[in-house]
Amino acid sequence: MRIISQFIIATTVAVLAILVMPITAKANAVNECITGRGDVAIRGCSKIIKTGKVGGKKISQVNLTASYLSRAFAYLAKGARKQALADYNTAVKLSPKLPLVYLKRGNFWRAGRKIKKSIADYSTAIKLDSKYYQAYSKRGISYILIKQNKRGIKDFTTAIKLQPKLSAAYFNRAVAYRKIGQAKKAISDYTRAIRVNKNYKGAYYNRGAIYAKSKQFKKAIVDFSSLIKLSPKSYIAYYSRANAYSLDGQTNKAISDYTKVIKLNPRNTDAYRNRASAYLKKGKHTAAIIDLTKAVKAAPRNFSYRRELANAYFLGGNFKNAKIVWNQACSLVPKNIVKAFQQQYTKLGFYKSKIDGVCGPAMVSAFQKCLQTNCKY
């Protein structure tokens with residue numbers, strides 16, 4: 001039976017196809033090693049490794065190497081990193097001139113946060129094959145992880161020259177550009193990633209986040225809407241669009257999206273808080289109080305939620321509850337920032353008493369005056 005060795009390198013999913021042949025009863029080990037998962041894959045690959053044969057015929061050293069790589073991936077899927085590393089090391093010894101073995105071991109090192117070791121292996125792969133665009137792309141990621149963003153950009157640029165349709169390289173170069181403050185270049189690369197792969201969720205999200213940060217809210221809304229079409233059950237996508245709607249003055253749409261977030265993830269207390277803020281913009285104090293009460297109940301030690309609940313009570317005219325909740329809130333303020341609060345109010349001309357505690361009447365009075373002038377408290 002003729003055995004054909006074929007390596008298929010997948011850049012996004014670590015799948016290695018080996019020993020492509022008609023699957024007969026004699027080739028069950030091959031089938032398990034190629035397509036199996038977990039223990040099944042380990043069993044199939046182990047049979048090949050132990051006997052060194054398939055269908056009664058001895059396999060080549062390259063195919064044996066492939067079996068070790070495939071078994072290593074199966075071990076990783078089970079969290080057995082020690083066994084996986086042993087197989088990767090064996091694969092390197094068997095085929096020291098094969099760039100793929102260094103790429104795979106480099107991925108292993110990077111996943112284990114051994115970044116320098118991953119860079120060394122990716123570099124070896126590149127020395128063996130200067131046109132190995134996957135190795136450039138992977139090494140670029142490692143450089144980003146150790147904050148060597150310019151080196152990362154250089155590697156991604158090389159990968160793109162070698163493979164112009166590598167969407168991941170555009171995406172990761174955009175990440176590096178953003179980290180060094182080059183937002184326009186980041187947007188350009190996210191756009192290129194989307195052109196190559198119109199379903200690139202991460203690119204829509206990251207580009208939308210940059211637009212939102214630069215106050216281009218309508219563009220951000222378009223990107224988050226695209227993300228929602230791709231992931232209709234992503235509460236993060238709805239939450240991001242809700243924030244953009246709110247900042248763009250589209251309060252009703254923001255409320256609708258925050259409501260969707262809460263349905264998808266009832267534990268997202270920030271969605272309650274932000275929807276409450278939107279309700280306050282519309283003068284719906286009771287609705288805001290209900291939402292903030294839920295947020296406080298879910299996170300009773302959160303100072304901001306209680307502070308904003310006090311705000312809602314105050315704006316609704318319930319000064320008694322405003323004072324009570326504010327006292328509760330300020331009692332949660334860490335001591336190291338109490339002084340900062342007092343200094344802020346003093347600067348605004350609201351805080352007069354130097355001996356009054358952060359929860360005392362002078363502070364409550366300062367809080368009320370602060371609210372009346374829409375200051376940032």
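Any read-out appearing in this document is the output of simple, stated calculations on the displayed coordinates, not a laboratory observation. Predicted model, so just to flag it, every value in this text is computed and none were measured. Virtual Cβ from ideal backbone geometry, glycine too; neighbours counted across all protein chains shown.
Ordering of 124-130, 174-180 by packing is 174-180, 124-130, highest average first (other Cβ atoms within 10 Å, averaged per residue). Using every Cα-Cα pair within the range 79-224, state what percent have a distance larger than 19 Å. Tail fraction, whole percent: 55. Checking the Cα-Cα distances for Lys58/Lys114; Lys281/Lys320; Lys97/Lys147; Lys97/Lys161; Lys138/Lys161 against a 26 Å cut-off, the pairs over it are Lys58/Lys114; Lys97/Lys147. Counting charges near Pro164 (Lys, Arg +1; Asp, Glu -1) among other residues having Cβ under 11 Å from its Cβ returns a value of +4. Summed over all non-identical Cα pairs, the Kirkwood treatment of the range 117-189 gives a radius of 11.8 Å.
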